[in-house]
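Reading through the structure tokens given below for one structure.
The values are calculated or read from the model by the stated rules, or taken from the named source; none is laboratory data. Note that the coordinates shown come from a computational prediction; the quantities given were computed from them, not determined experimentally. Here the Cβ is made from the backbone with ideal geometry for all residues, glycine too, and neighbour counts use every protein chain on show.
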Amino acid sequence: MQAATTIAEVFRRNAGVRPHKVAFAMADGRQRTFADLSARVDRLVAALRQAGLLAGDRVAVLAKNRIETIEVYGVSAGGFIPVPLNWRLAPAELAAVLDDSRPAALLFEPGFTVPLESALSRLSFKPMCVAFSDGSDGASDYEKLLAGADGTQAPLVGDPNDVACLLYTSGTTGRPKGAQLTHRGLLANCRAAIDQVLHLTDQDVTLAPMPFFHVGGMWYHLFPSFAAGCTTIVLPEFEPGAVFQLIGKHRVTNMHVVPTMIHALLEQPALAQSDLSSLRLIFYAASSIPVELLRRATQALSHCGFVQGYGSTEGGMISALTEDDHRAAMQPGREHLLLSCGKPIDGVEVSLDTATPDVDGAIGEIRVRSDLTMAGYRQNDAATRAARKDGWLHTGDLGRCDEAGYLYIVDRKSDMIVTGGENVYPREVEDILFDHPAISEAAVFDLPDARWVQKVVAAVVLRPGCNESADDIIAYLKARLASYKCPKQVFIADTLPKSGAGKVLRRVLREQYSDRTPHRS
């Protein structure tokens with residue numbers, strides 16, 4: 001069978017091959033077959049055209065994970081560009097994304113009406129706004145919109161190089177930028193995920209707890225599962241108890257989580273009593289994982305395979321640490337593999353921008369070249385030029401390669417700390433902190449310092465019942481690290497700020513602790 005060249009072809013092909021199979025099911029019992037989903041996407045496209053939207057117009061969606069969100073992603077069939085919005089953003093942040101993307105239509109969950117109205121009040125334009133159902137009786141604005149449209153008149157449009165999704169970066173290092181993802185790039189990522197990373201068949205049952213506004217949650221896991229003909233169980237947002245329940249109820253075979261979610265699952269007493277026997281694969285990504293946490297996970301779920309994926313919104317999927325790699329890492333002398341993000345997937349070239357490229361272990365910025373990368377940033381030529389140089393996409397991640405070709409992420413280039421002329425990589429210090437039995441979460445970052453220019457500091461969350469002091473933790477680190485790598489201060493916090501993908505926001509921590517002394521926040 002000829003490979004699909006646009007997202008719309010995947011929707012329609014599945015509707016033809018397996019029309020009556022359930023494509024998506026919600027925890028509340030709502031579901032859509034593959035045929036129903038395709039038909040509703042066609043009606044949505046027709047309704048937007050009737051409302052005056054033209055090919056190239058943006059269609060934003062603000063909602064937690066729900067089937068209607070997936071339908072909005074399908075509007076690329078009409079030449080429209082879906083724009084998923086991070087529902088965790090504050091109104092001012094939401095307004096900045098809306099002002100940049102300038103959607104002609106905005107579909108939203110009623111629970112976000114208040115922050116949405118606040119965001120819209122800051123704009124010079126007003127998109128057409130359509131509300132999804134809030135679960136009460138009566139048809140929602142969205143259902144009324146679809147009911148008034150003739151989906152049989154929605155022709156298939158689009159070119160593989162057209163923008164199929166405008167996805168905004170997490171803003172971990174500054175103002176979010178709109179990455180333009182093409183049909184060609186997204187389908188290349190889809191094929192890589194199905195064939196090389198997740199090894200999906202239409203017999204798999206997928207659990208989707210990752211937010212759909214995140215590239216990993218949607219394009220590197222949910223969409224490949226959909227394209228492979230899997231039934232996907234949709235969780236509105238991550239909740240450990242619900243994850244355990246749904247795995248047992250639906251005989252889930254695979255799911256995508258981030259390290260903070262793995263940690264939360266391992267901390268649940270229900271883990272030991274839950275039936276997780278159907279689970280064959282856990283795909284984890286989005287941020288580095290402490291080795292000790294990964295060891296705990298592989299021991300607690302020994303029947304289950306683990307795969308790590310490394311990639312980015314702009315760069316697509318880059319490398320994978322396979323199930324075989326994880327098993328090999330359990331052997332004496334191979335433990336270092338757990339520190340790796342694996343080898344580049346087929347079709348992806350990786351190089352390091354370093355002064356000594358031929359030296360094993362030399363650290364440099366990771367560059368990629370493949371069909372899986374973005375087309376560029378929306379209306380931001382300067383940022384696009386900075387990211388794309390000499391045919392390579394610069395990821396902003398610092399890494400190294402070993403003699404066997406495994407790639408290791410050292411840290412974000414922007415997070416490297418230069419203190420007293422010495423380079424300190426936060427992840428190295430964080431790995432030591434995670435080995436401490438009293439520490440549940442940790443983040444290392446920098447603050448200005450008159451003597452050192454930048455000083456190394458850390459924020460940690462203690463496990464329940466633990467009362468270690470900042471001085472205790474600093475003493476622990478000094479016994480294990482060079483003095484210049486040791487934090488000058490440790491802040492003991494109740495929580496750490498995170499993005500929707502579960503990444504700790506060091507930028508927020510710098511702001512939060514810029515004028516603080518160690519204490520419990």
Go through the stretch 298-336 and give me each residue that's within 12 Å of Leu281 (Cα to Cα) and part of a strand (DSSP E or B).
Gly305, Phe306, Val307, Gln308
Just checking, how many residues over the stretch 298-312 are hydroxyl-bearing (Ser, Thr, Tyr) and modelled with pLDDT of 90 or more?
1
Any chance Arg334 is without any contact (Cβ under 8 Å) to a residue 60 or more places away in the chain, within 20 Å of His256 (Cβ to Cβ), among the basic types (Lys, Arg) and surrounded by fewer than 18 Cβ atoms within 10 Å (Cβ to Cβ)
no
Give the number of residues within the stretch 418-441 that are at pLDDT below 80, in a strand (DSSP E or B) and touching a Lys or Arg at 6+ places or on another chain (Cβ under 9 Å).
1
Taking the condition assigned to a helix (DSSP H, G or I) and within 27 Å of Pro19 (Cα to Cα), does Gly217 pass?
yes
For residues that are within 27 Å of Ala192 (Cβ to Cβ) and of a type outside the set (Lys, Arg), tally how many sit in the stretch 238-262.
16
Residue list for the stretch 37-57, filter: over 18 Å from Ala164 (Cβ atoms) and surrounded by fewer than 18 Cβ atoms within 10 Å (Cβ to Cβ):
Gln50, Ala51, Gly52
Confirm whether Val453 is over 32 Å from the mean Cα position of the chain (by Cα), at pLDDT below 90 and among the β-branched types (Val, Ile, Thr).
yes
Mind counting the residues in the stretch 127-142 that are at pLDDT below 95, surrounded by fewer than 16 Cβ atoms within 10 Å (Cβ to Cβ) and at negative phi?
5
Tell me which of these Gln379 doesn't satisfy, since it passes every other one: (1) crowded, with 19+ Cβ neighbours inside 10 Å; (2) touching a helix residue (DSSP H, G or I) at 6+ places or on another chain (Cβ under 9 Å).
(1)
Among the residues of the stretch 83-90, is any at pLDDT below 95, polar (S, T, N, Q) and either buried (at least 24 other Cβ atoms within 10 Å of the Cβ) or assigned by TED's automatic domain parsing to the domain that holds Gly229 (or both)?
yes
Check off (1) in contact with a Lys or Arg (Cβ under 8 Å, 6 or more places away or on another chain); (2) assigned to a loop (DSSP other than H, G, I, E, B) for Ile289 and give me the number that stays unchecked.
(1)
Identify, from the list Glu71, Glu117, the residue that is under 23 Å from the mean Cα position of the chain (by Cα), in a helix (DSSP H, G or I) and either among the aliphatic types (A, V, I, L, M) or assigned by TED's automatic domain parsing to the domain that holds Glu143 (or both).
Glu71
If Thr313 passes every condition in (1) closer than 22 Å to Arg427 by Cα; (2) touching a residue at least 12 places away in the same chain (Cβ under 8 Å); (3) surrounded by fewer than 19 Cβ atoms within 10 Å (Cβ to Cβ) but one, which one does it miss?
(3)
Quick test for you: out of Ala8, Ala35, pick the one residue that is without any contact (Cβ under 8 Å) to a residue 24 or more places away in the chain and part of a helix (DSSP H, G or I).
Ala35
Applying the selection to the stretch 234-266, what residues are free of Cβ contacts under 8 Å to residues at least 40 places away in the same chain and not basic (Lys, Arg)?
Phe238, Glu239, Pro240, Gly241, Val243, Phe244, Gln245, Gly248, Ile262, Ala264, Leu265, Leu266
Which pairs do you get when a residue that is surrounded by fewer than 15 Cβ atoms within 10 Å (Cβ to Cβ), found in the stretch 447-465, comes within reach of a residue that is of a type in the set (Phe, Trp, Tyr) and modelled with pLDDT of 90 or more, reach meaning Cβ atoms under 9 angstrom, with the pair 6+ apart or on two chains?
none
Does His256 qualify as being within 14 Å of the chain's Cα centre (by Cα), over 30 Å from Gly56 (Cα atoms) and not charged (D, E, K, R)?
yes
If we keep only residues of the stretch 39-56 that are closer than 18 Å to Ile67 by Cα and not aliphatic (A, V, I, L, M), then the residue farthest from the chain's Cα centre (by Cα) is Arg43
Tell me which residues, restricted to the stretch 442-470, are closer than 25 Å to Val418 by Cβ, acidic (Asp, Glu) and out of contact with any Lys or Arg (no Cβ under 6 Å at 6 or more places or on another chain).
Asp446
When you scan the stretch 16-29, how many residues do you find that are within 16 Å of Ala242 (Cα to Cα) and surrounded by 14 or more Cβ atoms within 10 Å (Cβ to Cβ)?
3
Taking Val504, is it in contact with a Leu (Cβ under 6 Å, 6 or more places away or on another chain), over 17 Å from Asn423 (Cα atoms) and at pLDDT below 90?
yes
Looking at Leu393, Leu372, can you tell me which residue is touching a residue at least 40 places away in the same chain (Cβ under 8 Å), part of a strand (DSSP E or B) and under 29 Å from Asp99 (Cα atoms)?
Leu393
Six or more apart or on different chains, Cβ under 6 Å: which pairs go from a residue in the stretch 115-135 that's under 19 Å from Pro236 (Cα atoms) to one that's in a loop (DSSP other than H, G, I, E, B)? Could you list them?
Ala131/Ser140; Phe132/Glu109; Phe132/Ser140; Ser133/Ser140
Name the residues in the stretch 146-165 that are modelled with pLDDT under 80 and surrounded by fewer than 20 Cβ atoms within 10 Å (Cβ to Cβ), would you?
Gln153, Pro155, Leu156, Val157
